[in-house]
1. Could you check Leu90 against (1) more than 19 Å from Arg13 (Cβ to Cβ); (2) away from ligand 1 (no atom under 14 Å from the Cβ); (3) free of Cβ contacts under 8 Å to residues at least 40 places away in the same chain and say which number it fails?
2. Which count do you get for residues in segment 218-235 that are within 16 Å of ligand 2 (Cβ to nearest atom) and either more than 22 Å from Gln156 (Cα to Cα) or out of contact with any Phe, Trp or Tyr (no Cβ under 6 Å at 6 or more places or on another chain) (or both)?
3. For segment 109-121, indicate whether the set of residues that are surrounded by fewer than 16 Cβ atoms within 10 Å (Cβ to Cβ), within 13 Å of ligand 1 (Cβ to nearest atom) and either part of a helix (DSSP H, G or I) or touching a residue at least 24 places away in the same chain (Cβ under 8 Å) (or both) is non-empty.
4. Across segment 311-354, which residue is nearest to Ser259 (Cα to Cα) among those that are among the β-branched types (Val, Ile, Thr) and at pLDDT 85 or above?
5. Identify the single condition in (1) assigned by TED's automatic domain parsing to the domain that holds Asp364; (2) charged (D, E, K, R); (3) open to solvent by 60 Å² or more (accessible area, probe 1.4 Å) that Asp314 does not satisfy, given that it satisfies every other one.
6. Scan (1) in contact with an Asp or Glu (Cβ under 8 Å, 6 or more places away or on another chain); (2) within 16 Å of ligand 1 (Cβ to nearest atom); (3) part of a helix (DSSP H, G or I) for the single condition Ser269 breaks and write down its number.
7. Inside segment 72-87, can you point out the residues that are more than 15 Å from ligand 1 (Cβ to nearest atom) and out of contact with any strand residue (DSSP E or B) (no Cβ under 6 Å at 6 or more places or on another chain)?
8. Which condition number does Val155 fail, the rest of (1) buried (at least 24 other Cβ atoms within 10 Å of the Cβ); (2) within 16 Å of ligand 2 (Cβ to nearest atom) being met?
Amino acid sequence: MSEKLYVFDTTLRDGEQVPGCQLNTIEKIEVARALEALGVDVIEAGFPVSSPGDFNSVREISKAVSLPVICALTRAVPKDIDAAADALALAKRKRIHTGIGVSHSHIYHKLNSNPDEIVERAVAAVKYARKYVEDVEFYAEDAGRADNEYLARVVQAVIAAGATVVNIPDTTGYCLPLEYGRKIKYLMEHVDNIHRAILSTHCHNDLGMATANTLEGVINGARQVEVTINGIGERAGNTALEEVVMALRCHRHLGIDTSVDSKLLTSTSRMVASMMNMPVQANKAIVGRNAFAHSSGIHQDGVLKNRESYEIIDPVDVGLDESVIALTARSGRAALSHRLELLGYKLEQNELDEVYARFLDLADKKKDIRDDDLLYLVGDAGGRASKRIRLKYLQILTGTLIPTATVIVRIGESERTATHTGNGPVDAAVKAIKTLINEQVLITEFLIQAMNKGSDDVGRVHVQVKCGQLLVHGFSADTDVVKAAVGAFVDALNLVNATEKKE
Ligand code: KIV
Ligand code: ZN
């Protein structure tokens, strides 16, 4: 039986501080619900005194989410703590997170204070917060650069004042893993009342060591980790939740585990990336597009024979269907045939030879061959799935006129016609199709790419469509980009099983 490691998610507080990542209250509730489903223990929902918007978000999340503890950040001042307590009033389980700087730089330059006064202010803040809630976390800001002996004095004092969790932030991402681990060990060994509280890690990634530092902290006694989805956060970000969770799952001998449902990691990552306009880098550990993609012929062959040849995590465990055999000019027939089978095409040898020849031709021109390229190669650029919904007719009037589209769409057994205007031909056609279906669908991403070069090129279109909680990707390719765009939208409608609106 593993020892429990508490996951404190700060995507909505430290993560959301990033310029351009701001969410409105409705979006924050959606993320908070996803974090609850993921199984995090604590959600840091915001910094209530900082703005009415943050206050309101903490309040609404407190109402909407019931399993995790909802936490609100404060400085070590009464008016912040009052605001946090007020915003958390309706939370089932609540925590106030208060704190102050403890490094030389913070004490003397930022706070214009001295070490004794900082201890007094820390203790006063914790006592004040305890008047409102039982669960008070104290953060010793810039602990990463603080003197360990002084840090131990602060930690001991705040625990005596009633702190239940003490956060040791490497605020500037300065520490080396060994150093951060030693800091936690020092506190575990030199703070007399340490058994009355949990030590928490909070590592920033300025030197790319946030996950390593967090794990060293855990190995040396911390039992809470402060993390964000995709590692988003100020500057180079915070520790990535998915990395810590999977590192511990891969190294079970450490005997420490979280309650996170790893199968939801990919979907949660994609949701946060898209809502916060923060795309995940392709080679990001665990959730990057290439994290389970194999491109060299040798690796592909090895993975097709036995996944473990080149993988330490089963992609299914993080919510993916399977590893991706990335098709390039170096791929053989086996990889091509495997991918085509997954797309539902079982080709005879002579057909495969023919498609393979065309594939090599395309692969010489394009670095990366995707599923939609393959569908194009096998002569099915219109999309996958059962094609219950099909575009039968598309006519666009555009140019100096208001773009107007007329579509005939087959939905199941019936054929329906619609006409609509839009701000462009694609918009007009999409709006026309939307009038024919029951579901509220929203295009959340739209990408047109040329396959090769030249005006006679094939345009490839990817759309991401949201229908309720369901997020699907449709694609299509055609020399007519409007047709390709509409085809991709129809492909996505098939994936959400859209139904016909009755006249
Ligand atoms: O990095 C940091 O020190 C913080 C604290 C406010 C917890 O985010
Ligand atoms: Zn931080």
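1. Every condition holds for Leu90 apart from (1).
2. Adding up the residues that qualify gives 11.
3. yes
4. Val318
5. (3)
6. Ser269 satisfies every listed condition except (2).
7. Hits for segment 72-87 are Pro78, Lys79, Asp82, Ala83, Ala85, Asp86.
8. For Val155, the failing item is (2).
The values are calculated or read from the model by the stated rules, or taken from the named source; none is laboratory data. Just so we're clear, the structure is a prediction, and the values are computed from it rather than from any experiment. Don't worry about glycine lacking a Cβ; one is built from the backbone with ideal geometry, like all the others, and counts go over all protein chains shown. Note: accessible area is taken over every heavy atom of the protein model, side chains too, but ligands, DNA and RNA are not part of it. Shrake-Rupley method; radii C 1.70, N 1.55, O 1.52, S 1.80 Å.
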